[in-house]
Amino acid sequence: MKKRVYLKTFGCRTNIYDSNIMMQKLKDFEIVESEHEADIVVVNSCTVTNGADSSTRSYINAQNRAGKRVILAGCGAISKGEELLESGKIFGFFGHSKKGEINSLLKREEHFAEIGDLESIDEEIVTDFASRTKAFIKIQEGCDFNCSYCIIPSVRGRARSQDERRILEQVQKLASNGYGEFVLTGTNIGSYGKDKETSIAKLLKKISQIKGVKRIRLGSLEPVQIDDEFKELLGEHWLEKHLHIALQHTNKEMLKIMRRRNDLERDLALFEEIASKDFALGTDFITGHPGESKERWEDGLENFKRFPITHIHAFTFSKREGTHAATLKEEVSGDKAKARLKILQEHVEKQNFKFRKEIKEPLTVLVEERKGDYQVGYDQFFNKVFIRSDLDLQKEWVVIEKFDVTMEGNFAKI
């Protein structure tokens, strides 16, 4: 009888992709949909913040209490694997480059540590995403940036691009399997092609020409990566009218302290240019980074309000050992950081509401799931749409001409 495996995924879209590769490789095990059914629990972990580490640790402790054999994978395996193995919290761990060997690793009856390397690129491609309406395509791995607060380069390695042929092969197979929306993901996707004399813009053009591709969504881009070649694509119907462009802060001194490559005025001009083409725009922002004095925060907030931002992924600073920021002394209290975070979130929520009220075109929605009385999906601006209908619309594309706009989202009837 095959042992039963449950794969728990924490963190980003890249981890979702990696988990799907692991599921494809588990040939000698039965994959189950709940940890309660499992003999072995594989935790594909995130380590981007202390909160991510805490969530992983809490989950592992719960599985230990339930008597499960726990295997750690993902970014946390590299940063915390040795510690958790030595303390007896996990049976074994393996790094990103070893995930293709998961089938043989899970057969081991002795504790193991297979950290692997930070130079490999995936050889496997994912041809199906169980219970998902959209497909995730990992186009690169690693990051060459050296931001003060970020541990990810030390657990994902330097930037390296996936082979274009493999990417296109994967999109073709997924499109033939009925997927229409493709989400390009990676550690720093805007760096795609720098090591292969190509670019993300060239890759996007080739993906768009594949039959069945209806919409392409992108992970986070850096402002310096959006060049004229990329801007030429902004009018294409297949490109989602939402871009997530990382700022992290909007005070000039803070950007230097955070070792960012941003230029405030250039970034503002870029956001305004893209917004003029009716795009929704998201960004990242960290509050409470060491050095964020009251004066720098207030200046950053005023600058932030100049940007046409409709979505935000903001969080408070999390000290990560081994990063430059961990050595800085001008710390900001957690309460101040949380209060500043709330101000940003409330501002963007109002901006998003205003943006949605001013939409002039029909919404094109890929319906993803059912929640209570509604079927829910995202439109081309990456806004959630709640649909009432007697029809089963899940995994279907629908065009909505009339909809009501509330602070919670857009509501429609079909």
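Percent relative contact order of the range 135-357, based on C-alpha pairs within less than 8 angstrom and at least six residues apart? Kindly include the intermediate steps, with their values, before the conclusion.
Details: 389 pairs, mean separation 40.0, N = 223.
Here the relative contact order equals 18 percent.
What distance in nm separates the two pseudo spin-label positions at LYS342 and GLU358, each 7 Å out from Cα along the beta-carbon direction?
2.8 nm
Using DSSP to call loops (not H, G, I, E or B), can you name the trypsin sites (Lys or Arg not before Pro) in the range 123-170 whose Cβ has at most 16 other Cβ atoms within 10 angstrom? Numbers along the way, then the final one.
Values: sites: ARG132, LYS134, LYS138, ARG156, ARG158, ARG160, ARG165, ARG166; in loops: ARG132, LYS134, ARG158.
Sites meeting the loop and neighbour criteria: ARG132, ARG158.
Give the lysines reachable from LYS329 as a straight Cα distance under 17 Å; neighbours fewer than 8 places away on the same chain don't count.
List returned: LYS256, LYS294, LYS319.
List the cysteines of the chain that have no other Cys Cβ closer than 4.7 Å: which are they?
That list is CYS12, CYS46, CYS75, CYS143.
List the trypsin sites (Lys or Arg not before Pro) in the range 12-72 that DSSP assigns to loop (not H, G, I, E or B) and whose Cβ has at most 16 other Cβ atoms within 10 Å. Which are they?
Working: sites: ARG13, LYS25, LYS27, ARG57, ARG65, LYS68, ARG69; in loops: LYS27, LYS68.
Qualifying residues, ordered by number: LYS27.
Let me check the size of the range 135-357 from its C-alpha atoms; what are the radius of gyration and Dmax in Å?
Values for the range 135-357 (Cα only, Rg and Dmax): 18.2, 55 Å.
What's the magnitude of the charge dipole for the chain around its Cα centre, counting Lys and Arg as +1 and Asp and Glu as -1 at the beta-carbon? Answer in Debye, nearest 20.
Numbers: 67 positive and 67 negative charges, 93 e Å.
About 440 debye.
How do HIS249, HIS237, HIS347, HIS244 line up, fewest other C-beta atoms within 10 Å first? Mind dumping the intermediate values first?
Details: HIS249 26, HIS237 10, HIS347 15, HIS244 18.
Listing HIS249, HIS237, HIS347, HIS244 from fewest to most nearby Cβ atoms yields HIS237, HIS347, HIS244, HIS249.
At a Förster radius of 41 Å, what calculated FRET efficiency corresponds to the Cβ-Cβ distance of LYS231 and GLU83, to the nearest 0.05? List each step's numbers first, then the result.
Details: r = 46 Å, r/R0 = 1.12.
That pair, LYS231 with GLU83, gives E of 0.35.
Nearest 5 percent is fine: what portion of the DSSP beta bridges confined to the chain is antiparallel?
Numbers: 17 of 59 bridges.
For the chain, the DSSP antiparallel bridge percentage is about 30.
Work out, step by step, the length gained on full extension between ASN61 and LYS305: first 0.36 nm times the residue separation, then minus their alpha carbon distance; give nm to one decimal.
Answer, rounded to one decimal: 83.6 nm.
For the range 206-262, which trypsin sites (Lys or Arg not before Pro) are both in a DSSP coil and crowded by at most 16 other Cβ atoms within 10 Å? Kindly include the intermediate steps, with their values, before the conclusion.
Numbers: sites: LYS206, LYS211, LYS214, ARG215, ARG217, LYS231, LYS241, LYS252, LYS256, ARG259, ARG260, ARG261; in loops: LYS211, LYS214, LYS241, ARG259, ARG260, ARG261.
Qualifying residues, ordered by number: LYS211, LYS214, ARG259, ARG261.
Kindly provide the helix-only [θ] at 222 nm of the chain, computed as the sum of -39,500 (n - 2.57) over DSSP H runs of four or more divided by all residues, to the nearest 500 deg cm²/dmol?
Details: 12 runs with 129 residues, N = 414.
Counting only the DSSP helices, I get -9500 deg cm²/dmol.
Take the Cα of GLN209, step 7 Å along the line toward its Cβ, and report every residue of the range 156-182 whose backbone nitrogen sits under 11 Å from that point.
Hits in the range 156-182 for GLN209 at 11 Å: none.
Take the cross-link list LYS2/LYS80; LYS99/LYS336; LYS214/LYS277; LYS8/LYS173 and give me the ones stretching past 31 Å between alpha-carbons.
Details: LYS2/LYS80 29 Å; LYS99/LYS336 40 Å; LYS214/LYS277 20 Å; LYS8/LYS173 26 Å.
From LYS2/LYS80; LYS99/LYS336; LYS214/LYS277; LYS8/LYS173, over 31 Å: LYS99/LYS336.
Select from HIS242, THR185, ILE257 the residue farthest towards the positive end of the dipole of the range 158-261; place +1 on Cβ of Lys and Arg, -1 on Cβ of Asp and Glu, and compute about the Cα centre.
Among HIS242, THR185, ILE257, the one farthest towards the positive end of the dipole of the range 158-261 is ILE257.
Which value does Rg/Rh take for the chain over its C-alpha atoms, Rh per Kirkwood? Before the final figure, lay out each step's value.
Values: Rg = 21.8 Å, Rh = 22.7 Å.
Value, to two decimals: 0.96.
Compute from the Cα atoms of the range 4-114 the Rg and the Dmax, the latter being the longest Cα-Cα distance, and quote both in angstrom.
Answer for the range 4-114, Rg first and Dmax second: 12.3, 35 Å.
Values in this text are rule-based calculations from the coordinates and carry no lab data. In this text, all values refer to a predicted model and were calculated from it rather than measured experimentally. Note that each Cβ is placed from the backbone with ideal geometry, even for glycine, and that neighbours are counted across all protein chains shown.
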